[in-house]
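For reference, the structure discussed in these notes is given below.
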Amino acid sequence: MPLVIYGDGVVEIRGTFAGQHFKRDRSGNHFCSMQRRVHSRSSAQAKQRKAFSKARAHTKDPRWVSWYIYQALNDLPFVFDAIVTGDPDPDCTGRYIIIGKYNEKDLYQRTDGTWYIFYETESSKWYIGFEEREVFYGMWIGDTTIKGRYEGLKPVYKQAYVTLRVQPPPADYQIPHLQAPKK
């Protein structure tokens, strides 16, 4: 809340309110509200701010945030892993990484190499299966988007759920330490 000191007219105004600042008018007996000045950012500052916001949207871990900022500042795309959860039988849960393209969509393989997530254009559906790029009896069928619930066809049972998560930084990535400028 602004403080207005009034003596022989407006003597002093201290403080701001709701992004407004105040000043004396020409007569000196009144004060008026002025818009707060906002300094425009340079394109480099805007890019850094956008990179930090994008990085913080995915995680709060400093190591990961640093990696995502590096990616965003260098215009590198974020790569997503597929995470399969649920209680499917047999167990196809785990982390799936992109190994290529199939039918113009990403092809995912579980990290141990035994299961795949792929898209079939004929049915316009995503599948989780044993064999890469081969639709057959005994797999989970999803919807037109990779994320969501997958229903099992006999002899597989129960449901699996797929979510996407940004790939973690490489194991050898270290947070860069800023050094004080040399004088």
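Every read-out reported here was derived from the displayed coordinates using simple, explicitly stated rules and does not represent laboratory data. Please read these numbers as outputs of a predicted model, since none were measured by experiment. All Cβ positions, even for glycine, are placed from backbone atoms using ideal geometry, and neighbour counts span all protein chains on display.
The gain in end-to-end length when the T93 to T121 segment is fully stretched comes to 7.7 nm, 0.36 nm per residue minus the alpha carbon separation.
Normalised by 2.2 N^0.38 Å, where N is the number of residues, the C-alpha radius of gyration of the stretch 80-166 stands at 0.94.
Looking at the stretch 66-167, the GluC sites (Glu not before Pro) that sit in a DSSP loop and have at most 10 other Cβ atoms within 10 Å of their own Cβ are E104, E122. The amide H of Q167, built 1.01 Å from its N in the peptide plane, has V79, F80, D81 as neighbours under 5 Å, considering only residues 5 or more places off or on other chains. Calculated FRET efficiency, N103 and D75, Cβ-Cβ r, R0 25 Å, to nearest 0.05? Computed FRET efficiency for N103 and D75: 0.35.
This ranking places K154, K47 by how few other beta-carbon atoms lie within 10 Å of each, fewest first, which gives K154, K47.
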